[in-house]
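Working notes for the structure below.
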Ligand code: SF4
Ligand code: SF4
Ligand code: SF4
């Protein structure tokens, strides 16, 4: 695969799942497309109506299936379409980090970031930074078990 | 599918007299008229496989064994359910996971070969523990429960701390496993034997490397799983499995364990795995009785007829389950007890959840505590 120059240092094998809020954050995804702001293709985005709709089970499922990192792309709190969504996402973020820590999975494999309305540039930047960060940590300790299960 | 025939034979389903006592005893049937253990046995004996295996109700049974306790024909109902679920799981069927499947994912993740958990953060300086010892305390998933259920005030690690404190008090320094996995109880009872076996393998390896001869648990599900299910898959164990209630009751009987006064009126909820599955009814009561000043008032449904805490294996939890829990909590309050004692971290979680009901909350409110923590507080010196 040929990579854009600015992403030469990114390991495209890193498996990243991104949960994106339908409102501000997803408008960032669309604007990144419109303005041709490239970001690494190894991020699989899952659109949800609000990050407040996520729960621990969904994030853990991504790790269970072999994700090396999970990024939660939400909105600035004052823009939340459901008032309390971003606060709930923050609580979930804290709770999930505690669970990851208990499991011995590096807490930096999880990130929560705000993407203001229409900021495709920022979205691309945040995502790339996260992919780099996870790439440095390396592949998930669960990966070998996932591979084994797949081959079995 | 020939397996069904074997399952029926193994669980004595053919001996069913169609009397319906099981359905009368069943707490689910009481609130859900469509649910009938008698019909499950009927469908099994008449070979109605589709009705059995492709049926949402298969996953609703609490596996509490109240029906089995009543059945005069010796039909092993809970074993029947477990084996049918294993068959159904093979067909891709499953129950409705509670909590967005978080607990199922946790259990699956714990099957990973290379895990380096940080599960012993609760061990403070006052507790004496070891990496290798004759006696091992099997903590169970309590460190995880306290994070998952912090919103409903679950603090099961108090049980773990209490357990080590009690053991230390008795002159025992227990080994703890830094990489203990879930015992696998809930996967096994959900029919997922594949992941269950992986968890069991990890635990057996860990226990053996800690050189333990005796494994003590505070969770009745861990107790039953290690003691009864592991040998079914791996042959006899080279360690003994003991529930904390047995250990403490023996020490009380020997006069080695004494408590100071505590003027409390309590009632005791028999967990299914401890009571009906293991026949441990007297030991918890002997510990409670050994605390001077404590008055134990029994609920009408106790010992062999104890009502279940209302849910199982993190599946199919809904209004019917909440009704069962409400019934139990009301029954506990009606005894006039200050505290509802139980001997299982999960009973405590499910009851606390029921008390969190917005509408009924206050009506169902009662202090709830594990006998382990209750006894720890009454330790002398
Ligand atoms: S109680 Fe036993 S004999 Fe009676 S219907 Fe139920 S399973 Fe059959
Ligand atoms: S095990 Fe309990 S819930 Fe299941 S059928 Fe029997 S009495 Fe009902
Ligand atoms: S009763 Fe237990 S299984 Fe049911 S929702 Fe509450 S905590 Fe979950």
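The values are calculated or read from the model by the stated rules, or taken from the named source; none is laboratory data. Bear in mind that the values here come from a model prediction, so they are computed numbers and not experimental data. For neighbour counting, all protein chains shown are included, and Cβ atoms are generated from backbone atoms with ideal geometry for every residue, glycine included.
Exactly one residue out of B:298, B:362, B:367 is modelled with pLDDT under 95, out of contact with any helix residue (DSSP H, G or I) (no Cβ under 7 Å at 6 or more places or on another chain) and surrounded by fewer than 18 Cβ atoms within 10 Å (Cβ to Cβ): that is B:362. Under 7 Å between Cβ atoms, which residue pairs at least 6 apart in sequence (or on different chains) link something in the range B:15-33 that is more than 14 Å from every other protein chain (Cβ to nearest Cβ) with a partner that is assigned to a helix (DSSP H, G or I) and within 16 Å of ligand 3 (Cβ to nearest atom)? Listed by first residue and then by second, the contacts come to B:27/B:324; B:28/B:320; B:31/B:320; B:31/B:323; B:31/B:324; B:32/B:320. Residues in the range B:151-180 that are away from ligand 3 (no atom under 16 Å from the Cβ), within 14 Å of chain A (Cβ to nearest Cβ), touching a residue at least 60 places away in the same chain (Cβ under 8 Å) and buried (at least 24 other Cβ atoms within 10 Å of the Cβ): B:180 only.
The residue pairs whose first member lies in the range A:136-150 and is more than 8 Å from chain B (Cβ to nearest Cβ), whose second member is part of a loop (DSSP other than H, G, I, E, B), and whose beta carbons are closer than 6 Å, counting only pairs six or more residues apart or on different chains, are A:137/A:106; A:139/A:68; A:140/A:68; A:143/A:66; A:146/A:66. Of the residues making up the range A:33-64, just one is farther than 18 Å from residue A:95 by Cα, at pLDDT 95 or above and out of contact with any strand residue (DSSP E or B) (no Cβ under 6 Å at 6 or more places or on another chain), namely A:49. If you go through the range A:87-127 and pick out every residue that is on the phi > 0 side of the Ramachandran plot and more than 14 Å from chain B (Cβ to nearest Cβ), you end up with 1.
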